[in-house]
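The values are calculated or read from the model by the stated rules, or taken from the named source; none is laboratory data. Computed from a predicted model, the values in this text were never measured in an experiment. Glycine gets a Cβ as well: all are built from the backbone with ideal geometry, and neighbour counts include every protein chain shown. Just the protein is used for accessible areas: all its heavy atoms, side chains included, with ligands, DNA and RNA removed. Shrake-Rupley method; radii C 1.70, N 1.55, O 1.52, S 1.80 Å.
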Amino acid sequence: MSEETRSETYAELAATGPYGVRPGHALITMVEPHPGHEYAYNRWYEDDHFYAGAMAMPWMFAGRRWVATRDLQLLRVPEKSAVAQPVTTGCYLSVYWVTEGRYDDHMKWTVAINKRLNRDARVYRDRTHVFTAFQDHEATVYRDGAAGPRDFHALDHPYAGLVLEVIDAESPEQRAQSLEWLVSRHLPKRLAGSPAAMVTVFRPTPLPGDRMTYVRQVEGVDTRLTLLWFLETDPRDCWERCFTDLEGPDMGRRELLAPFIPTIPGTDKYVDQLRQAPSGARGTARPAPTHPQPHDYFNSSGQGVPRGTV
């Protein structure tokens with residue numbers, strides 16, 4: 001087993017290089033399951049891909065999934081977005097932290113493991129990557145200063161909501177000006193007294209040339225900023241008060257403002273609310289499932305084609 005897994009190599013790799021806890025990089029991926037594949041996609045991601053395609057990889061030390069039910073999708077702005085067309089596209093958002101200084105090491109692993117997963121029919125095809133990019137951390141702004149969870153806690157702390165914001169500047173120079181405006185003026189003012197505990201700010205990096213073909217190359221590498229607002233309350237309870245009058249950036253355009261709530265790991269909660277808003281109270285129990293059970297992801301030949309999808 002040692003020869004097969006090259007255990008000695010791991011000992012050598014662990015002895016050198018950065019190994020702090022700061023989220024120097026992130027994978028932020030917003031995905032739309034194809035109509036009729038919502039349950040099967042969710043089970044594949046929850047039971048296999050979240051782990052085999054992400055958390056089991058070296059230097060990816062935290063991760064969390066978020067979901068936008070139909071009523072949350074309808075809160076998104078602007079109506080015409082350069083990120084999502086239509087702007088309601090992208091039901092699920094997954095966010096992962098990567099150890100600072102380990103981006104290159106992680107990328108070598110993630111490209112190799114995703115090729116292996118694809119070869120072994122463990123990639124779910126009936127989905128679209130709407131907004132998927134590895135990103136470098138630029139700043140974190142906290143509402144309460146030194147008190148409260150830090151950004152490296154953010155994906156483990158039980159935050160009740162998250163807002164994804166994407167800003168496009170007109171040039172790299174204007175992006176730098178927008179970042180300074182955000183960190184020094186805009187975000188501290190908006191966080192004060194709000195239900196948002198922190199905002200992390202990232203800039204996208206280009207995906208490697210040998211990436212999987214179903215993931216398109218990142219846009220706006222030199223001009224885009226990505227913000228993640230971590231909320232202590234459901235975004236529906238504070239949207240009008242906190243997010244409908246956000247001041248625009250000095251340089252550029254806000255291309256997406258999208259609220260999410262956390263998924264409940266290991267369940268299909270909220271899947272029945274992706275295409276239509278709930279008729280009753282939040283969290284209304286859905287009918288008995290008619291979708292594939294965990295053992296039904298793949299057909300009898302082992303191909304990644306769900307059986308019995310709704």
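Among the residues of segment 42-51, at least one is of a type in the set (A, V, I, L, M, F, W, C), at pLDDT 95 or above and open to solvent by less than 10 Å² (accessible area, probe 1.4 Å).
All of Ala82, Ala112 fail the test of being surrounded by fewer than 16 Cβ atoms within 10 Å (Cβ to Cβ) and either in contact with a strand residue (DSSP E or B) (Cβ under 7 Å, 6 or more places away or on another chain) or in contact (Cβ under 8 Å) with a residue 12 or more places away in the chain (or both), apart from Ala82. If you go through segment 151-172 one residue at a time, how many are assigned to a helix (DSSP H, G or I) and either under 21 Å from the mean Cα position of the chain (by Cα) or at pLDDT 95 or above (or both)? Selection size over segment 151-172: 3.
Conditions tested, residue by residue: (1) at pLDDT 95 or above; (2) open to solvent by less than 50 Å² (accessible area, probe 1.4 Å).
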{"position": "Pro206", "(1), (2)": "no, no"}
{"position": "Val215", "(1), (2)": "no, yes"}
{"position": "Gly220", "(1), (2)": "no, yes"}
{"position": "Leu225", "(1), (2)": "yes, yes"}
{"position": "Phe230", "(1), (2)": "yes, yes"}
{"position": "Asp237", "(1), (2)": "yes, no"}
{"position": "Asp245", "(1), (2)": "no, no"}
{"position": "Leu257", "(1), (2)": "yes, yes"}
{"position": "Ile264", "(1), (2)": "yes, no"}
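Considering (1) buried (at least 22 other Cβ atoms within 10 Å of the Cβ); (2) more than 23 Å from Arg203 (Cβ to Cβ), the lone condition that Gly145 does not fulfil carries the number (1).
Scanning segment 256-272 for residues that are within 16 Å of His37 (Cβ to Cβ) and not in a loop (DSSP other than H, G, I, E, B) turns up Val271, Asp272.
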